[in-house]
Amino acid sequence: MGDKDIQEMRMSILKALEYDGRVDLNELAVRLGLDATDIANAMSDMEKEGIICGYQTLIDWDKTDDERVTALIEVRVTPQRGQGFDSIAERIYKYPEVDSVYLISGGFDLMVIMEGRSLKEVSQFVTNKLSALESVLSCATHFILRKYKLNGTVLARKHEDERMLVTP
Amino acid sequence: MREPVAKKVSEMKSSGIRKFFDIVSEMPDAISLGVGEPDFDTPWHVRDEGIYSLERGKTFYTSNSGLMELRSEICRYTKKHYEISYDPASEVIITVGGSEAIDIGLRAMLEDGDEVIIPEPSYVSYVPCTIMAGGKPVIVSLKEENEFRLTAAELEAAITPRTKILILPFPNNPTGAIMERSDLEGIAKLCIEHDIYVLSDEIYAALTYKGDHVSIASLPGMRDRTILINGFSKAFAMTGWRLGYACGPEIIISQMTKIHQYCIMCAPTTSQYAAVEALRHGDRDVAEMCNAYNERRRFLLHEFKRMGLQCFEPFGAFYVFPSIKEFGMTSDDFCTSLLMAKKVAVVPGTAVGDCGEGFVRISYAYSIDNLKEAIGRIEEFISELRNR
């Protein structure tokens, strides 16, 4: 296989996995017209290279009895000499409560997404941990009220096939 | 009282698909693989452009042949993808679906008694439209051993001095067959030799899985004897927008426009604005949908092979056309029993031409999960038939 073919194969595998992380490899091989062993090898290579970082499940927690709140926190920080934003980002992402951390362009620097059991838990984290960090200048916390669409999947309503049953 | 209905209409066979639809609609919980339209929604940016045109008050007629902006985009698209140049001012007409283009194309070209060669199995409207236009349908039965392609020998055998038009329906509904350049060359040669026009229905042109689609109009000497028909329904998942088009020499397109002007006026304006956006920015959507169809196509063919169900490999549209001859049943019986026993609807081959006997049309305009469930049931059904 040439370099271009490998890149193409990798892209089609990633697209399929992004949509369905549990896809059966033999079935995927049939669909893509590839060999199942080649797919398995490509996947393990991409795992080693850190391209595939995990196989998670998309969950709509609102449909469970579990009480939890998600917050988006805009954080303004002072970058550190020689380190830029990396070391402060690391200080923040090491907290297990923190789900995601992004460096953002525009009016603030870091976008922190976190989950907690209650508003109180989240606000305590922001007040006692996040704002207390030396290089953090300010935080603005936004609580998520409802998730309509998550990672490309619409949670709000089921898509129905409205086509007639038989058409020419 | 006088007979209220014209004989040529009352004698027209109603569509075999319609008949089967009536049976299926009695069974609302059936899973269907019988649909001839994409399962994808029209890409959002295209719908958005339609909505935006309404917001701007674009609610009037367009010119008879359609928005100039859209005709220009069609010419650009046709040049880019199929290497044929048309003049947007005089060689393109926007129609209400590809179906209208078929109808007015035949009506513009046929004298009473002119013969129209129609390869079957194929789309249901060619024969009735030919008859309504005063022409005489001459059916060529395509064969599985030729992968349901039209061969030059088959065409030559059907030509008479009265032959005026060849309808060329590829990529094909219901078989999924395509015609490659080498197949088309022999056909083009005969058309030129015998002075035959071609009505090339290329509505599935964007959906091929073995190289790019080749239009017969791009072959030397064919552009001026071909009416190229295409549209937005299949490629851009826009069936409900009812929008198609025909390209061809001005001498024919201008006459088609006259008929269109008197019976349709113009194609829906909202759809035309949405279609401009589809042609300008929709290539990626088409490529993605095409990839998805191809995955499903490979999946179905693999499953048929595993079950031992005979099926030639189709490279176009979104249909497979497996043979059910081993079961010794008619296509109608097979489909009805499958529906009754396992609640799966597929279309009998005979609904799309007598030579479809012994075959069924299975559409893969469905999600893989949907296909898996249906295939599981079909497998149960055929193993029961084999163990009878």
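The values are calculated or read from the model by the stated rules, or taken from the named source; none is laboratory data. Just so we're clear, the structure is a prediction, and the values are computed from it rather than from any experiment. Note that we place each Cβ from the backbone using ideal geometry, even for glycine, and neighbour counts take in every protein chain shown.
If the Cβ limit is 7 Å and pairs must be 6+ apart or interchain, which residue in the stretch A:148-168 that is within 12 Å of chain B (Cβ to nearest Cβ) pairs with which residue that is in a strand (DSSP E or B) and surrounded by 14 or more Cβ atoms within 10 Å (Cβ to Cβ)?
Here the result reads A:Leu165/B:Ser32; A:Leu165/B:Gly34; A:Leu165/B:Ala345; A:Val166/B:Ser32; A:Val166/B:Gly34; A:Val166/B:Ala345; A:Val166/B:Val347, each pair linking the stretch A:148-168 to a residue that is in a strand (DSSP E or B) and surrounded by 14 or more Cβ atoms within 10 Å (Cβ to Cβ).
Just to check your reading of the model, which residue among B:Ile165, B:Ile203, B:Ile178 is of a type in the set (A, V, I, L, M) and in contact with a Pro (Cβ under 7 Å, 6 or more places away or on another chain)?
Working: B:Ile165 fails: in contact with a Pro (Cβ under 7 Å, 6 or more places away or on another chain); B:Ile203 fails: in contact with a Pro (Cβ under 7 Å, 6 or more places away or on another chain).
Answer to the check: B:Ile178.
Spot the failing condition for A:Ile88; the list is (1) modelled with pLDDT of 95 or more; (2) farther than 20 Å from A:Arg146 by Cβ, and only one is missed.
Here A:Ile88 meets the rest and fails (1).
Could you tell me which numbered condition B:Pro4 fails, if it satisfies all but one of (1) over 27 Å from B:Arg296 (Cβ atoms); (2) within 14 Å of another protein chain (Cβ to nearest Cβ); (3) not in a helix (DSSP H, G or I)?
Only one criterion in (1) over 27 Å from B:Arg296 (Cβ atoms); (2) within 14 Å of another protein chain (Cβ to nearest Cβ); (3) not in a helix (DSSP H, G or I) is unmet by B:Pro4, namely (2).
Checking B:Tyr262 against (1) free of Cβ contacts under 8 Å to residues at least 60 places away in the same chain; (2) touching a strand residue (DSSP E or B) at 6+ places or on another chain (Cβ under 6 Å); (3) in the same structural domain as B:Ser90 (by TED's automatic domain parsing); (4) hydroxyl-bearing (Ser, Thr, Tyr), which test does it fail?
For B:Tyr262, the exception is condition (2).
Tell me, please, whether a residue that is buried (at least 19 other Cβ atoms within 10 Å of the Cβ) and over 19 Å from B:Asn146 (Cα atoms) can be found in the stretch B:323-334.
The answer is yes; a qualifying residue exists.
Only one residue in A:Val126, A:Val101, A:Val122 is touching a helix residue (DSSP H, G or I) at 6+ places or on another chain (Cβ under 6 Å) and aliphatic (A, V, I, L, M). Which one?
Working: A:Val126 fails: touching a helix residue (DSSP H, G or I) at 6+ places or on another chain (Cβ under 6 Å); A:Val122 fails: touching a helix residue (DSSP H, G or I) at 6+ places or on another chain (Cβ under 6 Å).
Answer to the check: A:Val101.
So, of the residues in the stretch B:87-121 that are assigned to a loop (DSSP other than H, G, I, E, B) and touching a Leu at 6+ places or on another chain (Cβ under 8 Å), which turns out to be farthest from B:Asn146 (Cα to Cα)?
B:Val96
In the list B:Asn172, B:Asn146, which residue meets the criterion of being surrounded by 22 or more Cβ atoms within 10 Å (Cβ to Cβ) and modelled with pLDDT of 95 or more? Steps first, please.
Details: B:Asn146 fails: surrounded by 22 or more Cβ atoms within 10 Å (Cβ to Cβ).
Exactly one of B:Asn172, B:Asn146 is surrounded by 22 or more Cβ atoms within 10 Å (Cβ to Cβ) and modelled with pLDDT of 95 or more, namely B:Asn172.
Report yes if A:Gln56 is within 30 Å of A:Phe125 (Cβ to Cβ), loosely packed, with under 13 Cβ neighbours inside 10 Å and out of contact with any His (no Cβ under 9 Å at 6 or more places or on another chain), otherwise no.
Answer is yes for this residue.
Given the criteria closer than 30 Å to A:Val126 by Cα, surrounded by fewer than 16 Cβ atoms within 10 Å (Cβ to Cβ), away from chain B (no Cβ under 14 Å) and in contact with a helix residue (DSSP H, G or I) (Cβ under 7 Å, 6 or more places away or on another chain), does A:Arg81 qualify?
no
Check A:Gln124 against each of (1) at pLDDT 95 or above; (2) over 24 Å from A:Thr64 (Cβ atoms); (3) in a helix (DSSP H, G or I) and name the one condition it does not meet.
It is condition (2) that A:Gln124 fails.
Can you report the number of residues in the stretch A:30-42 which are more than 9 Å from every other protein chain (Cβ to nearest Cβ) and within 26 Å of the chain's Cα centre (by Cα)?
Total satisfying the criteria: 4.
If you check every pair at least six apart or on different chains, which have Cβ atoms under 7 Å apart with a residue in the stretch A:52-76 that is assigned by TED's automatic domain parsing to the domain that holds A:Ala140 first and a residue that is among the aromatic types (Phe, Trp, Tyr) and not in a loop (DSSP other than H, G, I, E, B) second?
A:Arg68/A:Trp61; A:Val69/A:Phe143; A:Ala71/A:Phe143
Matching residues to (1) in contact with a strand residue (DSSP E or B) (Cβ under 6 Å, 6 or more places away or on another chain); (2) in a loop (DSSP other than H, G, I, E, B); (3) more than 24 Å from A:Leu58 (Cβ to Cβ):
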{"site": "A:Arg91", "(1), (2), (3)": "no, no, yes"}
{"site": "A:Ser105", "(1), (2), (3)": "no, yes, yes"}
{"site": "A:Arg157", "(1), (2), (3)": "no, yes, no"}
{"site": "A:Met164", "(1), (2), (3)": "no, yes, yes"}
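Looking at the stretch B:341-366, which of the residues that are part of a loop (DSSP other than H, G, I, E, B), modelled with pLDDT of 95 or more and within 13 Å of another protein chain (Cβ to nearest Cβ) is surrounded by the most Cβ atoms within 10 Å (Cβ to Cβ)? Before the answer, list the steps.
Here is the first cut: in the stretch B:341-366, the ones part of a loop (DSSP other than H, G, I, E, B) are B:343, B:346, B:353, B:357-358, B:364-366.
Among the residues that remain, those that are also modelled with pLDDT of 95 or more are: B:343, B:346, B:357-358, B:364-366.
Among the residues that remain, those that are also within 13 Å of another protein chain (Cβ to nearest Cβ) are: B:343, B:346, B:364-366.
Working: B:Lys343: 16, B:Val346: 25, B:Tyr364: 27, B:Ala365: 25, B:Tyr366: 22.
Applying the filter and picking the extreme gives B:Tyr364.
For the stretch B:87-142, how many residues are more than 14 Å from every other protein chain (Cβ to nearest Cβ) and either in contact (Cβ under 8 Å) with a residue 40 or more places away in the chain or among the acidic types (Asp, Glu) (or both)?
Within the stretch B:87-142, residues that are more than 14 Å from every other protein chain (Cβ to nearest Cβ) and either in contact (Cβ under 8 Å) with a residue 40 or more places away in the chain or among the acidic types (Asp, Glu) (or both) number 32.
Is it the case that A:Leu58 is hydrophobic (A, V, I, L, M, F, W, C) and assigned to a loop (DSSP other than H, G, I, E, B)?
yes
Looking at this structure, is B:Lys305 within 14 Å of chain A (Cβ to nearest Cβ), assigned to a loop (DSSP other than H, G, I, E, B) and modelled with pLDDT of 95 or more?
For B:Lys305, the condition - within 14 Å of chain A (Cβ to nearest Cβ), assigned to a loop (DSSP other than H, G, I, E, B) and modelled with pLDDT of 95 or more - is not met.
Has the stretch B:71-79 got any residue that is assigned to a loop (DSSP other than H, G, I, E, B) and hydrophobic (A, V, I, L, M, F, W, C)?
No; the residues of the stretch B:71-79 include none that is assigned to a loop (DSSP other than H, G, I, E, B) and hydrophobic (A, V, I, L, M, F, W, C).
Within the stretch A:11-53, track down each residue that is small (Gly, Ala, Ser) and either surrounded by fewer than 16 Cβ atoms within 10 Å (Cβ to Cβ) or part of a loop (DSSP other than H, G, I, E, B) (or both).
Those that are small (Gly, Ala, Ser) and either surrounded by fewer than 16 Cβ atoms within 10 Å (Cβ to Cβ) or part of a loop (DSSP other than H, G, I, E, B) (or both): A:Gly21, A:Gly33, A:Ala36, A:Ala40, A:Ser44, A:Gly50.
Could you look through the stretch B:10-50, keep only residues that are surrounded by 14 or more Cβ atoms within 10 Å (Cβ to Cβ) and away from chain A (no Cβ under 14 Å), and pick out the one that is nearest to B:Thr350 (Cα to Cα)?
Residue satisfying both the conditions and the ranking: B:Pro43.
May I ask you to say which residue of B:Lys325, B:Lys342 is within 21 Å of B:Pro28 (Cβ to Cβ) and in the same structural domain as B:Ala292 (by TED's automatic domain parsing)?
That would be B:Lys342, the only listed residue that is within 21 Å of B:Pro28 (Cβ to Cβ) and in the same structural domain as B:Ala292 (by TED's automatic domain parsing).
Examine the stretch B:77-85 for a residue that is among the β-branched types (Val, Ile, Thr), touching a helix residue (DSSP H, G or I) at 6+ places or on another chain (Cβ under 8 Å) and in contact (Cβ under 8 Å) with a residue 40 or more places away in the chain, and state whether such a residue exists.
Yes, the conditions are met somewhere in the stretch B:77-85.
Evaluate the stretch B:44-66: report whether one residue or more is under 21 Å from B:Tyr366 (Cβ atoms) and part of a loop (DSSP other than H, G, I, E, B).
no
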